[in-house]
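Report on the following structure.
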Amino acid sequence: MYIMYLSTPIGDVEVCANDDAIIEVGFVDKRQKEHPNLICKQAIQQLSEYFQLQRQVFDLPLQLTCTPFQSKVYEALQNIPYGEVCSYQDIAKIIQNPNACRAVGMANNKNPIAIIIPCHRVIGKHGSLVGYDGGLDRKQFLLQLEQRIKYKD
């Protein structure tokens with residue numbers, strides 16, 4: 001496994017990859033020894049551009065180990081436009097399982113590739129910031145970051 005880190009305004013982001021794809025991205029409190037490969041370096045570059053308001057779409061190979069249901073949720077998350085939000089209920093409807101709001105929330109919480117698969121763009125039904133593995137402060141920061149570029153143009 002390959003590993004690399006990016007310092008961001010909201011903490012260190014760890015990128016893990018195998019020979020073919022990104023397998024994990026998340027916030028960490030403690031760094032390990034870096035052992036990067038080209039895919040890690042590309043991810044760090046794109047994440048850096050994202051935090052510098054220079055990137056809205058990621059173009060990286062991803063490899064998920066998940067259930068078919070989680071896969072549907074993660075695909076739906078990747079289709080939420082930059083700077084937009086939707087609810088767990090919206091995602092449940094998109095994956096054609098309208099009664100699966102809680103299951104969508106659980107899948108969202110288990111997202112192994114934060115930011116790139118934008119689970120931070122999912123909010124509560126009435127607009128509240130709920131559930132983010134990286135913490136609600138980080139979720140709020142990411143949403144505000146995306147709003148800055150959205151209204152900049």
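The values are calculated or read from the model by the stated rules, or taken from the named source; none is laboratory data. Computed from a prediction, not measured in an experiment: that's the story for all the values here. Glycine gets a Cβ as well: all are built from the backbone with ideal geometry, and neighbour counts include every protein chain shown. Areas reflect the complete protein model, heavy atoms only, side chains present, ligands, DNA and RNA absent. Shrake-Rupley method; radii C 1.70, N 1.55, O 1.52, S 1.80 Å.
Counting only other residues whose beta carbon sits under 14 Å from that of residue 96, what net charge do I get with K and R as +1, D and E as -1? All intermediate terms of the calculation are to be shown ahead of the outcome.
Details: positive: 72, 93; negative: 75, 90.
That sum, taken over residues with Cβ under 14 Å, equals 0.
Accessible surface area normalised per residue over the chain is 56 Å², counting heavy atoms of protein chains with a 1.4 Å rolling probe. Extension gain for residue 28 to residue 1 (0.36 nm times residue separation, less C-alpha to C-alpha distance): 8.0 nm. Each residue of region 122-129 was assigned a 3J(HN,Hα) from its phi angle through the Karplus curve 6.51 cos²θ - 1.76 cosθ + 1.60 (θ = phi - 60°); the sequence is 9, 10, x, 3, 9, x, 7, 7 Hz, with glycine and proline shown as x. The accessible surface of region 58-153, taken with every protein chain in place and a 1.4 Å probe, is 48 percent carbon and sulfur.
Since only 115, 78, 94 are under comparison, the one whose Cα sits farthest along the positive direction of the charge dipole of the chain, derived from C-beta charges on Lys, Arg, Asp and Glu, is 94.
Counting Cα-Cα pairs of the chain in 10 Å increments starting at 0 gives whole-percent bin shares of 11, 42, 36, 11, 0. Computed over the chain with a Gaussian network model linking Cα atoms closer than 10 Å, the most mobile of 54, 70, 46 is 54. Considering the zone a paramagnetic label at residue 69 would reach in this model (a point 7 Å from Cα along the Cα-to-Cβ line), which residues of region 105-148 have amide N under 15 Å from it? Taking a point 7 Å out along Cα→Cβ of residue 69, the residues of region 105-148 whose backbone N falls under 15 Å are 105-111. For region 89-140 versus region 62-85, the inter-centroid distance based on Cα atoms is 10 Å. Rounded to the nearest 20 debye, the dipole size of the chain about its Cα centre is 420 debye, using +1 on the Cβ of Lys and Arg and -1 on the Cβ of Asp and Glu. Cut-off 14 Å, label point 7 angstrom out along Cα-to-Cβ of residue 147: give me the residues of region 74-103 whose amide nitrogen falls inside. Answer for region 74-103: 83-86.
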